[in-house]
Structure formats: structure tokens, C-alpha cells
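Everything on this sheet refers to the single structure shown next.
The values are calculated or read from the model by the stated rules, or taken from the named source; none is laboratory data. Please read these numbers as outputs of a predicted model, since none were measured by experiment. FYI the Cβ positions are ideal-geometry reconstructions off the backbone, even for glycines, and counts take in every protein chain you see. These accessible areas exclude ligands, DNA and RNA; they are computed on the full protein's heavy atoms, side chains included. Shrake-Rupley method; radii C 1.70, N 1.55, O 1.52, S 1.80 Å.
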Amino acid sequence: MILDFHDQRDELFNELHTRPFPVIDTQARISQLAVLHAGEDFERETYRKKAFEHLCALCSRYSINPPAEDASCYYQDFGGFELRWERHTEFSTYTFIHKLASEPFQRTALSLLPVEWLKDLPGKIISGLHLEIEKTPEVLPAVEDLRGYFEGHRLLSCYANDRQAQIWTAYRIHSDHMGRFLIFNDSLNPCQTGRLVRRILELETYRMVALLSFPLARQIAPNVREMDQQLASVIQQITDIENLDDERRLLGELTTLSAKIEQIISDTNYRFSATEAYYRLAMSRLEELREQEVCGLQTLNEFLGRRLTPAYRTCETVREDLDDLSNRIDRASELLRTRVNLTIEEQNQDLLQSLNRRSKMQFRMQQAVEGLSVVAISYYLVGLFKYMAETAKSMGLISNTGLVTGVFVPVAVGVVIFGLHRMKKKINKA
């Protein structure tokens, strides 16, 4: 090796070859069970361990090598039947393939499995399907005769793969709690038959898993409408706000409503996203069938399009309503916060004006105090000077103390005013 390959290069390259389609001959009987995993991580790991042990028990019963513990798929021939096990994100599929020359649906692939093993299968089965492949007879049976294979239910039918095969089903749960498909193979080779079978099985599984969110959507739809009315009521009250208390009350209601919406979105977002992905996969498998109509009967595309698509649209509508409601609450909250901020700014402006008025009053009082201070200091300073003048008269230095004191009064007042002015100037500068 002289080239430096990425560590995951082989794994990523071989991902294209995982879960290959089966090679199926005509006169085959296929049964598939799709089992949901547990929801929580701990429970999911517990389920994987139980599923692995359960699969190993079947391998041990038939003396077959078991799968690796971390395997995501397992294909093995058990002699009388072939097992194909695949683990997906939310579910695992058990597909059993065998050949029996009998009337359709008289004996199925599940009839060869131990009853105890099927009974103890871990998880909840979301989809169960029997699929029979027959050679196209020279004279096709009448529709009424084919209904006998489906317990008398109304049938759907279509040609697939450019009329190389014909598919019949009732899309009903029969007395054995399983669905049924009957394929008349005209000219498909085993590989083409295997791909057709895989598309039908995946279509049924993805269809069922996609519908998991439909009951959830119907459950939360009334709550969404109720919260929408609450939001409309809050928005109407915004125009009637009188004081800051009303604004705070409405803002509290919006916050509570927003918390409820975000909680619902958090609880349902994964399920609705998964529904979108599974629905697109189901529609993709349906398109790959390349259906053509059979003698005026409903095709699979017509049937599922009329029933599956509205359920999916309901889930999408509820999801969009939740997102729209969340955005509207954000806009209303932003509007209300803006009003609160404006009210607070007005209160702050009034407070500043009050402080300004108070400062002016304090300044005027200060000026009055300064004037009184000049008089008081000058009075005391003249008194001190009078004592000095009387002392000087006693010593014979001056003859008239009143004259000298009177002359000193304006000098004292000027000195006090000059000193206060300089002190005030220094304080202002600091």
C-alpha cells in the first residue's frame, strides 16, 4: 500500500452493497414481519440484545451459524426456508422465503417456524405481510375467483414492470392478522422478481411506519387550534393596554404559550420528520413499480394516493401550524417587548426630567447658601480685624479703630468672594 486511503473508505464504498435484493424463483412464498424498536436509548439497546439472542436461538435450533452481535443485517438459508433479517433505525424486518406447491395462502412461510419462537418475538409488530408468487396461468382466473384468496374482500390490481407481472391485493388485514399480496409472474427473471418483491415489502413497511404520526397529529390538532385562539385573544388585547402592569401580564401569557408550543414541537418533531422521510420512500417504491391499470380496477397508486397522502398532509399541516404558531408568538412577544421598552424609556425620561429640576433647585439653594456664607465669613473676618485694630490702638499705632475697621469691610468681602470663587473653580475642574 503506497496510497493513503481514508479510514472509512471501504465501509463507505461497501455501503452500496448492503441489504441486497433477494433472488426469488416463481412458486415462492414470502412472509415478512416488521417489528418496532423501543423508544428510549436504554430500551433500544435492551431490545437489540433481546433481538440478537432471539435470532441466535433460532439459529441454534437449526444448527446454523448465528449473526455477529453488531450486525445490522443477516441472510441465511435454513434448509426449508431462507431468513433475511435487517435492522433499521426504528424497526427490524424478518423476511422468510420458501417454496411450497400449494394453493395461495394455504401454507405460508411462517408455518415452518416454531410457534414458541414466533410467540416470543421481541418488540411490537407494525406490519405483517404474506406474498405469493405464481406463474401466470394461460387463462387468468376471474376476479370473483381471486377474491376467494383474499377472504372475499374487494381487490386492487395492476400490471408492474411494463406488464411483465400482475399484482393483486385487497389491502386488508385478514383472519390471520396479516396482509396479502398475490403476484402472477409472466416474464420476470429471478433477479427482477426479487427486486419487485423487495419494492412491495418496503412499500408496505414504509407506509405503516409513516402513518405512526397520524394519530399523534389528530390528538394535538385541537390543542393547536385552542392555542391559536389564545394567541389571537392576546394580540387583540395589545391595542387595549393602559399601563405597564397590562404589558407585563400579556407578556407572561405569551411566554407561557410559547413554552407550551416549544414543548409540543420538541415532543413531535422527530416523529413528523420521520413521517416525511418514510412517506417519500414509500412513494419512491410505488413509482418504481411502473404500474399499469388492469381491467378497470384501482391501482396501488390510486388507492394509496387517496388514503395515504391525505394522512401525510394532515401531519404536515399540523407540523406547519405548530411552526407558524411559534413564529407568530415570537413576533407578538417582540411587539409587546417593544411597547414595554418604550414605556420604560418614557418613565426614565420623566425621571431624568425630575432629577434635572431637582438639580436646578439644589443649584439655586447652593447659590443662596454661598451668599449667606460670604456674609457670615466676612462678618467673622471683620470681627477678628476689629480686635486687631483695638490692640493696635492700645499700642498707640492707630488713633481711630472704627475708621480702619470700616475701610477693611469691603476688603474682607472681596477676599472672601475671591477665595470662594477659586475653590469652586478647582472643584468644577476636578
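Tabulated values for the structure
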{"quantity": "Set of lysines near LYS360 by C-alpha distance (under 28 Å), chain-local residues within fewer than 8 positions excluded", "calculated": "LYS424, LYS425, LYS426, LYS429"}
{"quantity": "Dipole-positive endmost among THR401, PHE52, VAL139 within the chain (Cβ charges, Cα centre)", "calculated": "THR401"}
{"quantity": "Relative contact order of the range 318-430, defined on C-alpha pairs under 8 angstrom at six or more residues apart (%)", "calculated": "21 percent"}
{"quantity": "Listed residues VAL115, THR309, LEU244: farthest to the positive end of the dipole of the chain (Cβ charges)", "calculated": "LEU244"}
{"quantity": "Per residue accessible area in Å² of the chain, where ligands, DNA and RNA are left out and the probe is 1.4 Å", "calculated": "60 Å²"}
{"quantity": "Phi to ³J(HN,Hα) by Karplus 6.51 cos²θ - 1.76 cosθ + 1.60 over the range 309-323, Hz, x for Gly, Pro", "calculated": "4, x, 5, 5, 5, 4, 4, 5, 5, 5, 5, 5, 5, 5, 5"}
{"quantity": "Potential lengthening between GLU134 and ASP246 on full extension [0.36 nm per residue; Cα-Cα distance subtracted]", "calculated": "32.8 nm"}
{"quantity": "Lys, Arg +1 and Asp, Glu -1 on Cβ, resulting dipole of the range 153-204 about Cα centre, debye, nearest 20", "calculated": "80 debye"}
{"quantity": "In degrees, nearest ten, helix 244-288 long axis to first principal axis of the chain (Cα)", "calculated": "20 degrees"}
{"quantity": "Residue-level accessible surface for CYS295, protein heavy atoms, 1.4 Å, Å²", "calculated": "100 Å²"}
{"quantity": "Of all accessible heavy-atom area on the chain, the percent that carbon and sulfur account for (1.4 Å)", "calculated": "53 percent"}
{"quantity": "Calculated diffusion of the range 45-128, Stokes-Einstein form, Kirkwood radius summed over Cα pairs, 10 °C and 1.306 mPa s, µm²/s", "calculated": "116 µm²/s"}
{"quantity": "Hydrodynamic radius (Kirkwood) for the range 287-380, which is based on Cα pairs only, to one decimal in Å", "calculated": "21.5 Å"}
{"quantity": "Karplus (6.51, -1.76, 1.60) ³J(HN,Hα), θ = phi - 60°, over the range 153-165, in Hz, Gly and Pro reported as x", "calculated": "6, 5, 9, 10, 7, 6, 7, 10, 6, 6, 6, 7, 8"}
{"quantity": "Calculated FRET value between CYS73 and ASP176, using beta carbons and R₀ = 30 Å, to 0.05", "calculated": "0.65"}
{"quantity": "Prolate/oblate/rounded call for the range 360-426, Cα gyration tensor, a/c under 1.5 rounded", "calculated": "prolate"}
{"quantity": "Distance (nanometres) between label positions extended 7 Å along Cα→Cβ at ARG9 and HIS153", "calculated": "5.1 nm"}
{"quantity": "Percent RCO, i.e. relative contact order, over the chain, from Cα pairs under 8 Å lying at least 6 residues apart", "calculated": "14 percent"}
{"quantity": "Where N is the number of residues in the chain, Cα Rg divided by 2.2 N^0.38 Å", "calculated": "2.08"}
{"quantity": "Angle in degrees between helix 401-429 and the longest Cα principal axis of the chain, rounded to the nearest 10", "calculated": "10 degrees"}
{"quantity": "Charge dipole (the chain, unit charges on Cβ, about Cα centre) - positive-most of MET388, TYR94, SER373", "calculated": "MET388"}
{"quantity": "Candidate lysines - alpha carbon under 30 Å from LYS99, same-chain residues fewer than 8 apart omitted", "calculated": "LYS50, LYS119, LYS124, LYS135"}
{"quantity": "Selection of GluC sites (Glu not before Pro), the range 130-167, meeting DSSP coil and at most 14 other Cβ within 10 Å", "calculated": "GLU138, GLU151"}
{"quantity": "The chain: angle of helix 190-210 to the longest principal axis, Cα-based, in degrees nearest 10", "calculated": "40 degrees"}
{"quantity": "Calculated FRET value between MET365 and TYR387, using beta carbons and R₀ = 45 Å, to 0.05", "calculated": "0.85"}
{"quantity": "Dipole magnitude (debye, nearest 20) for the chain, charges at Cβ of Lys, Arg, Asp, Glu", "calculated": "2720 debye"}
{"quantity": "D_trans [Stokes-Einstein, Kirkwood Rh over alpha-carbon pairs] for the range 184-274, 4 °C, 1.567 mPa s, µm² s⁻¹", "calculated": "74 µm²/s"}
